[in-house]
1. For the range 1-76, with every protein chain kept in place, what is the accessible area per residue (1.4 Å probe, Å²)?
2. Give me the angle, in degrees from 0 to 90, between the Cα long axis of helix 177-191 and the longest principal axis of the Cα atoms of the chain, rounded to the nearest 10.
3. On average, how much accessible surface per residue is there in the range 133-212, in Å², for a 1.4 Å probe, leaving out ligands, DNA and RNA?
4. S124 versus Q52, label points 7 Å from Cα toward the beta carbon: distance in nm?
5. Among all stretches of the chain without exposed GluC sites (Glu not before Pro) (DSSP loop, at most 12 other Cβ atoms within 10 Å), which one is longest?
6. With a ≥ b ≥ c taken as the square roots of the eigenvalues of the C-alpha gyration tensor of the range 103-182, please select rounded if a/c is under 1.5 and otherwise prolate if a/b is larger than b/c or oblate if it is not?
7. Helix 128-137 versus the longest principal axis of the chain: what is the Cα-based angle in degrees, 0 to 90, to the nearest 10?
8. If I fit a long axis through the Cα atoms of helix 47-71 and take the longest principal axis of the Cα atoms of the chain, what angle between them do I get, 0 to 90°, rounded to 10?
Amino acid sequence: MKKITRIEYQKNNKDRVNIYLDDNFGFGVDLNIMIKYGLAKNLELDDEFISQILISEDKAKLYNYAISVLSRGSKSEKELKLKLSDKGYDDESINTEIEKLKANKYINDDDYCKKFINDKINISKYGKRRIKEALINKGIDMELIEKNISYVSQDDEIKIAYALAEKKLKSLTDAEPIKKKMKISSFLLNKGFDYEIVNKISSKLLKVENEGFED
């Protein structure tokens, strides 16, 4: 048995304490772990009890690290798991704490998917194809992707793509219409718009240009 002879707050983090056993440093723990296990001066601990405390401490560290990652920017479940794995945590511990984070609404792939689509449509001006590809890479379930991206209509895409193409056309110095069409088409395809939309817009835009931008 080992006796707690001193407990002191850590200098750089008042949410953590150092536990001294038999006048020697034993381990550091989160304040909540200290309260959970009733750690106090003169309490005697056996090796099994110390092991339980340290397991709980590791879980708390993982959870708190996950919170700090999420505080810097939203993440999909897959992205967060990769971050935690890179930090050296094992899969079983990661999955356990991920479920807690989901239960506490710190992580939600459906909400993440909605926000990602909204940002990429309205800020990045991406087409649905590129958005889908990005979400798949982030591990979002295809059913969630299809459900949420269905709210973006083809008319919405056409308006965005047309505005982008108009701006791109003004920057082109090529005299030949075919070269302009190729560059505009390549630009819009790279933005993630489908070929049908791209072809329709590039053809219409160059026709309008040739007619002096008159309907």
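1. Working: 4660 Å² over 76 residues.
For the range 1-76, the per-residue accessible area is 61 Å².
2. 20
3. Values: 4870 Å² over 80 residues.
Ligands and nucleic acids excluded, the result is 61 Å² per residue.
4. The answer from the label model is 4.8 nm.
5. Values: sites that count: E211, E214.
Maximal segment without exposed cleavage sites: 1-210.
6. Details: a/c = 2.99, a/b = 2.94, b/c = 1.02.
Prolate is the answer for the range 103-182, as a/c is 1.5 or above and a/b outweighs b/c.
7. In the chain, helix 128-137 runs at an angle near 20 degrees to the longest axis.
8. Result, in degrees: 20.
The values are calculated or read from the model by the stated rules, or taken from the named source; none is laboratory data. As the structure is a computational prediction, the values presented were derived from the model and not from experiment. FYI the Cβ positions are ideal-geometry reconstructions off the backbone, even for glycines, and counts take in every protein chain you see. For the accessible areas, the whole protein counts, side chains as well, though only heavy atoms, and no ligand, DNA or RNA atoms are used. Shrake-Rupley method; radii C 1.70, N 1.55, O 1.52, S 1.80 Å.
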